[in-house]
1. Be a star and scan segment 101-122 for residues whose amide nitrogen sits under 11 Å from the point 7 Å along the Cα-to-Cβ vector of Asp57.
2. What does the extension gain come out to for Ile116 and Glu155, with contour length at 0.36 nm per residue minus their alpha carbon separation?
3. Can you give the net charge of the other residues whose Cβ lies under 11 Å from the Cβ of Tyr77, counting K and R as +1 and D and E as -1?
4. All other residues with a Cβ under 12 Å from the Cβ of Glu152 taken together, and with Lys, Arg as +1 and Asp, Glu as -1, what is their net charge?
5. What does the charge count around Arg60 come to, taking other residues whose C-beta lies under 13 Å from its C-beta (Lys +1, Arg +1, Asp -1, Glu -1)?
6. Output the peptides 51-58, 96-103 sorted from most to least packed, where packing is the average of other Cβ atoms within 10 Å over each peptide's residues.
7. How high is the FRET efficiency from Lys139 to Lys72, r the C-beta distance, R0 22 Å, rounded to 0.05?
8. Between Ile79 and Asn132, what is the label-to-label distance in nm when each label sits 7 Å out along the Cα-to-Cβ direction?
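Only the coordinates and a few stated rules stand behind these numbers; no lab work does. Everything quoted here is computed from the prediction, not taken from an experiment. In this analysis, Cβ positions are derived from the backbone assuming ideal geometry, glycine residues included, and neighbour counts consider all displayed protein chains.
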Amino acid sequence: MGSKTKAGMILWTAMVFVLLGLVGSMRASGEEGVTKDPKAGSEKGKKFDVIVIDNPDYDRDRKGPVIFSHRKHALDYKILCWDCHHEYNSEGVNEWSPWADETQQCKECHDANEEIDDVMKLQTAYHINCKNCHKTMAKEGKKTGPYRKCLECHEKK
C-alpha cells in the first residue's frame, strides 16, 4: 500500500472517530436528540449514532420527525463531516472543524421560520443538505436514501 493511500486511510479513520465523538456529545433536546435505537449496538454506540431531527419551533410543521444515523452516513456512505457541518468565513470557505469547537445544533444559526441575514431558514437548510445529496448520489448511480416522497424520510405524524 502506498504512503498516500495509507495516510488517507488513517485520516479517514481519525475523522470517523472524531465525528462519532462529537455526535456523542450532542445534547438530547430540541431539534436533534439522541434516541435509543436497538439496532445501533452497545449503549455507548447508541449515543454516538442516531439522532431525531424534530424542531417544535416551526410555525408550520406538516411532516413528522426524521431519524438520522450518523454512523451509517459516515461509515457506509463515506460522507465527510464537512459535507453537512459548516461555518463559512467572509470568503465563503467552510472553516468548520470537528476538533476545534463543540458541534452546534443547526438551529443555533438557522432560524426555524425565517431567513435572517442571508442565513437560510432551518427547514430549507435540511432539505438542501439532505435531499440534494441523495438526489446527486442517485444521478451518479450510487446507493442512496430517498429524496422524492416526504414519508420516506419523515415519520408519519
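1. 105-114, 122
2. On the way: separation 39, 0.36 × 39 = 14.04 nm, distance 2.83 nm.
The Ile116-Glu155 span can extend by a further 11.2 nm.
3. Working: positive: Arg71, Lys72, Lys78, Lys142, Lys143; negative: Asp76, Asp83.
Here the charged neighbours net out to +3.
4. Result for the neighbourhood of Glu152: +4.
5. Values: positive: Arg62, Lys63, Lys121, Lys157; negative: Asp57, Asp59, Asp61, Glu114.
Taking every Cβ under 13 Å from that of Arg60, the sum is 0.
6. Details: 51-58: 16.4, 96-103: 13.1.
The peptides rank, most packed first, as 51-58, 96-103.
7. Values: r = 21 Å, r/R0 = 0.93.
Here the calculated transfer efficiency is 0.60.
8. So the label points at Ile79 and Asn132 sit 1.4 nm apart.
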